[in-house]
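Student: Just dropping this structure here.
Here, each number is a calculation from the coordinates, and none is a lab measurement. Predicted model only: the values in this text are computed from it and were never measured. We place every Cβ from the backbone using ideal geometry, glycine too, and count neighbours over all the protein chains shown.
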Amino acid sequence: MMIYLPIAEVSVNAFVLLGLGGIVGVLSGMFGVGGGFLMTPLLFFIGIPPAVAVATEANQIVASSFSGVLAHLKRKTVDLKMGSVLLVGGLTGAALGVVLFNYLKALGQVDLLVRLCYVVFLGVVGGLMFIESLNAIRRAKGNAAPPKRRRQRGWISKLPLKMRFHTSGLYISAIPPVIVGVFVGILAAIMGVGGGFIMVPAMIYILGMPTKVVVGTSLFQIIFVTAFTTLLHATTNYTVDMVLAVLLLVGGVIGAQIGARIGVKMKAEQLRILLALMVLVVCGKLALDLLLQPGELYSIGLAGGH
Amino acid sequence: MRALLACVLIFLAPLARAEDVVLGLSQKSVSITTNFDGSEILIFGAVKRDAAIPVGPPLEVIITVAGPAQPLTVRRKERRFGIWVNTDEIEVDSAPAFYAIASSAPFSEALSDTEDLRHQVSISRAIRSVGAPMQVENAAAFVSAVIRIRKENGLYQLRENSIEVTEQTLFKTSIAMPANLTEGAYDTRIFLTRGGEVVSKFDTVIEVRKVGLERFLYNLSRQQPLVYGLLSLAIAIFAGWGASAAFRIFQRS
């Protein structure tokens, strides 16, 4: 069944969109990630204009994060205070990101920027995760003692503006969380992702937050940052496609529930190594597009912005 | 009724040229609905004449359908630092979003180059490009790239020998419009030619517009972007809440 998307102005098969939403939903349910970093490139591949894909995906992430955060609130694994501090940075970052996005769009380089961001971040995160989970599997086989977590945050503990975060059990400066927030906010606006795959490691390794509150807190702030990004894209670029978002949502929320059940039955290391491989495959495909000579060297854009 | 028709003909007679077009369209407008998947428009007509069929070269018919003209930016990729990036760009002042030509004979036989220049019929003449910057070499390659890309997408079509002409009087053809159409008034021109010279010309318009939900969402997103954005968010939050609520019920049972 073909559906004409009113904003993207292309006609696509509704079942392909439902299926994509479903598959990415299953994966995000299995691995506990938002799935934006997979969905946005997949939307590029099926021919949705990149600007529309990025803006619409932000809207879809609002839905999946909201669904996730409700479960975490019930388990009291959301640090609302830390979330709010991250959010201050996140909103600033998202605004900066949209400005940067529009500037590069005018230059005709937005495609390149989005793709480069994807290649770099997917490559780094996928690579690190792959090495880390390989080591974890090797350790599990050798029955060696797990390495001690370093709790050293030398220069971070010297910063001013200290705040107490009860849920996380931390007493640290507000500056590092704000900076992390700004950084993830910029990425959210440019890449159309929630940024969970960067936020989560940053919270654990840079801020030293306990793992059990990390996912909930990250989801909490992602809702607001992506909601803000959606509004900015909707009002400045007119690129949020509601029909596309709804189709992806329906597939996504169903898939996420199925994925969560599969995820329970698998070992954490296996899950992580699968996720790492998947991230690297998407990264490789995008990198090849940049490195190989494209079949068509010319591209057409409407003059004057959109 | 016949008397009325005769009256009309008498009135028209002094104004009419020797050969004139009477046109029919299978549809006057194309509606882009939610399940829009392209459209086929049947164009048919007859040649009305007062005298006998003139001797000489046979009558040929050319039909063009042109979508709304838009200014374009065409960019070319080049290898920089090992990756392919957009470098040169030119502005095309005006190019139709859709352009189809159907003709009853090979195009160059049906229309002479002079007449093509006068009426701007061929695809390359329908695109207007003046202000190419001096530093970009080979600006013509950009315009031919536009034609090539849009031909591949079915947005530009040159279909020679696709009009059936019967007895030099009746003609018909169909124009296929792809799914990725732009809204607007599609100017439709019918030329009658003999020996490459235009003997008669007829213009009409086919309206292409989004209808129903498509129209509503598109207008809302342009006229009330904030409301549209908030509505998108409301749907997202409701769906997120609904999914988690539904799954809780599902788990309990």
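Student: Neighbour counts of other C-beta atoms within 10 Å: give me B:Glu40, A:Glu9, B:Glu214 arranged from fewest to most.
Tutor: The order, fewest Cβ neighbours first, is B:Glu40, A:Glu9, B:Glu214.
Student: Here is a follow-up. Of B:Val205, A:Thr40, A:Gly295, which is farthest towards the positive pole of the protein assembly as shown's charge dipole, taken about the Cα centre with +1 and -1 on the beta-carbons of Lys, Arg and Asp, Glu respectively?
Tutor: Towards the positive end, the residue furthest out is A:Thr40.
Student: By the gyration tensor of its Cα atoms, with a ≥ b ≥ c the square roots of the eigenvalues, what is the shape of region B:211-253: rounded for a/c under 1.5, prolate for a/b over b/c, or oblate?
Tutor: oblate
Student: With springs only between Cα atoms under 10 Å, which of A:Phe15, A:Phe224, A:Phe37 fluctuates most in a Gaussian network model of chain A?
Tutor: Result for chain A, Cα springs under 10 Å: A:Phe15 fluctuates most.
Student: Once Lys and Arg get +1 and Asp and Glu get -1 on their Cβ, which of A:Ala53, A:Val119, A:Gln221 lies farthest toward the positive end of the dipole of chain A?
Tutor: Selected residue: A:Gln221.
Student: With labels modelled as points extended 7 Å from the Cα through the Cβ direction, what inter-label distance (nm, one decimal) is found for B:Thr87 paired with B:Lys201?
Tutor: 4.2 nm
Student: Across every pair of different alpha-carbon atoms, what Kirkwood hydrodynamic radius in Å does chain A reach?
Tutor: About 20.0 Å, per the Kirkwood formula over Cα pairs.
Student: Under a point-charge model restricted to the Cβ atoms of Lys and Arg (+1) and Asp and Glu (-1), what is the dipole moment magnitude of chain B relative to its Cα centre, in debye to the nearest 20?
Tutor: So the dipole magnitude of chain B works out to roughly 1020 debye.
Student: For region B:191-200, take each phi angle, set θ = phi - 60°, evaluate the Karplus expression 6.51 cos²θ - 1.76 cosθ + 1.60, and give the result in whole Hz per residue in order, putting x for glycine and proline.
Tutor: 10, 9, 10, 9, x, x, 9, 6, 9, 7
Student: Sticking with this one: Mind scanning B:Lys28/B:Lys201; A:Lys81/A:Lys105; A:Lys212/A:Lys267; A:Lys105/B:Lys210; B:Lys48/B:Lys201 and naming the pairs with a C-alpha gap bigger than 24 Å?
Tutor: Where the Cα-Cα span goes over 24 Å, the pairs concerned are A:Lys81/A:Lys105; A:Lys105/B:Lys210.
Student: Dipole magnitude of chain A about its Cα centre, charges +1 at Lys/Arg Cβ and -1 at Asp/Glu Cβ only, in debye to the nearest 20?
Tutor: 1940 debye
Student: What is the fewest-to-most order of A:Arg164, B:Arg150 by other Cβ atoms lying within 10 Å of their Cβ?
Tutor: Taking fewest neighbouring Cβ atoms as first place, the list is A:Arg164, B:Arg150.
Student: Quick check: Cα centre of region B:161-196 to Cα centre of region B:67-99, how many Å?
Tutor: 29 Å
Student: Inside 10 Å of the C-beta atoms of B:223-231, what's the mean count of C-beta atoms belonging to other chains?
Tutor: 5
Student: What average number of partner chain Cβ atoms lie no more than 10 Å from the Cβ of the residues making up A:60-68?
Tutor: Average neighbour count from other chains, rounded to a whole number: 6.
Student: Rank these for me by crowding, A:Asp241, B:Asp50, B:Asp187, going from fewest to most other beta carbons within 10 Å.
Tutor: B:Asp50, B:Asp187, A:Asp241
Student: Calculated FRET efficiency, A:Ile262 and B:Ala246, Cβ-Cβ r, R0 22 Å, to nearest 0.05?
Tutor: For R0 = 22 Å, the calculated efficiency reads 0.75.
Student: Charges at C-beta only: +1 for Lys and Arg, -1 for Asp and Glu. How large is the resulting dipole of region B:137-200 about its Cα centre, in Debye rounded to 20?
Tutor: 60 debye
Student: Shifting gears a bit: Could you identify which residue out of A:Gly284, A:Gly35, A:Gly68 has the top mean-square fluctuation in a GNM of chain A using Cα springs shorter than 10 Å?
Tutor: A:Gly284
Student: I need the fraction of alpha carbon pairs in the protein assembly as shown separated by more than 45 Å, rounded to a whole percent.
Tutor: 31 percent
Student: Mean-square fluctuation check for chain B, GNM, Cα pairs under 10 Å: which of B:Asn180, B:Asn219, B:Asn161 is largest?
Tutor: B:Asn219
Student: Taking +1 at the Cβ of each Lys and Arg and -1 at the Cβ of each Asp and Glu, which of B:Pro71, B:Pro57, B:Ile32 sits farthest along the dipole of region B:12-88 towards its positive end, judged by Cα position relative to the Cα centre?
Tutor: B:Pro71
Student: Using a Förster distance of 60 Å, how high is the FRET efficiency between A:Thr211 and B:Leu117, based on the Cβ-Cβ distance and rounded to 0.05?
Tutor: It comes to 0.25.
Student: While we're here: Using per-residue counts of other Cβ atoms within 10 Å, averaged over each peptide, order A:271-277, A:19-25, A:103-109 from highest down.
Tutor: Averaged packing, sorted descending, gives the order A:19-25, A:271-277, A:103-109.
Student: Another question about this same structure. I need the peptides B:93-101, B:112-120 ranked by packing, meaning the mean over residues of other C-beta atoms within 10 angstrom, with the highest value on top.
Tutor: Ranking the peptides B:93-101, B:112-120 by packing returns B:93-101, B:112-120.
Student: What percent of all Cα-Cα pairs in region B:19-210 falls in each 5 Å bin, counting up from 0?
Tutor: For region B:19-210, the pair-distance distribution reads 1, 7, 15, 18, 17, 14, 11, 8, 5, 3, 1, 1, 0, 0, 0.
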